[in-house]
Ligand SMILES: *Cc1c(COP(=O)(O)O)cnc(C)c1O
């Protein structure tokens, strides 16, 4: 467990370095610890080292962890594919859903979000390279989807989420993330009140921060390699 603490302090240094290298304030970059496949003891260790946001990909895996950690003040981010028959539980147990790419799913989340809870924070997942088999709305259709979601009262549209195709070339990473940032800025210019650009994982967070990411989602560099 001290390994997790050590990894988190190295990660914070890396975030600071990447931010300072591009003249940004590291406080503008929020960190989501991606905890798929990890047990609650590992999550508690991360929380002990200052982590307050966790990202989970699978509802069935996440629900027991959320229940077992209900004594902590945590923000839960759903970052996996949202099946429309799971929207009731996702809307009930999560604070954010970062992987919305269809109006149907957004409407169902809106319908199931309780009037006593804060509105559910939403990011739209964008498929930047329009790869046919990949999740995400294509760039051309993003503005229209944003406008529809922005009208749903139980949701707060916060921004965009990107998972680009993996590449180890920092130049290519930067090129793709810069296009993501351009799309994000164009939506803000169109009048949408977005404040979240979620991009950057363990292998590409430095490039993402340089390109303007405001939220990175880190698993491996916090918890170690997954099996
Ligand atoms: C697993 C996952 C991550 C974290 O990836 P690492 O490479 O382990 O940092 C981030 N975002 C999403 C959507 C994921 O599924």
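The values are calculated or read from the model by the stated rules, or taken from the named source; none is laboratory data. Since the structure is predicted, the reported quantities are computational estimates derived from the model, not experimental observations. Cβ: placed from backbone, ideal geometry, glycine included. Neighbour counts: every protein chain shown.
Structure above, values below:
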item	result
Answer residue from region 118-153, given it is surrounded by fewer than 18 Cβ atoms within 10 Å (Cβ to Cβ) and in contact with a helix residue (DSSP H, G or I) (Cβ under 8 Å, 6 or more places away or on another chain) and is nearest to residue 188 (Cα to Cα) among those	143
Selected residue [under 19 Å from the mean Cα position of the chain (by Cα) and either under 14 Å from residue 221 (Cα atoms) or free of Cβ contacts under 8 Å to residues at least 12 places away in the same chain (or both)] from 7, 12, 53	12
Only one of 99, 30 that is surrounded by 18 or more Cβ atoms within 10 Å (Cβ to Cβ) and closer than 22 Å to residue 207 by Cα	99
Yes/no for residue 173 being within 16 Å of the ligand (Cβ to nearest atom) and either buried (at least 20 other Cβ atoms within 10 Å of the Cβ) or over 25 Å from residue 12 (Cα atoms) (or both)	yes
Any hit, region 152-168, residues being part of a helix (DSSP H, G or I), modelled with pLDDT of 95 or more and more than 30 Å from residue 18 (Cα to Cα)	no
Every pair of residues 6+ apart whose Cβ atoms lie under 6 Å, when the first sits in region 197-222 and is under 18 Å from residue 100 (Cα atoms) and touching a residue at least 24 places away in the same chain (Cβ under 8 Å) while the second is within 9 Å of the ligand (Cβ to nearest atom) and not in a helix (DSSP H, G or I)	198/98; 198/161; 215/198; 216/200; 217/32; 217/34; 217/55; 217/201
Residue that is touching a strand residue (DSSP E or B) at 6+ places or on another chain (Cβ under 7 Å) and either farther than 19 Å from residue 136 by Cα or within 16 Å of the ligand (Cβ to nearest atom) (or both), where the choices are 196, 156, 167	196
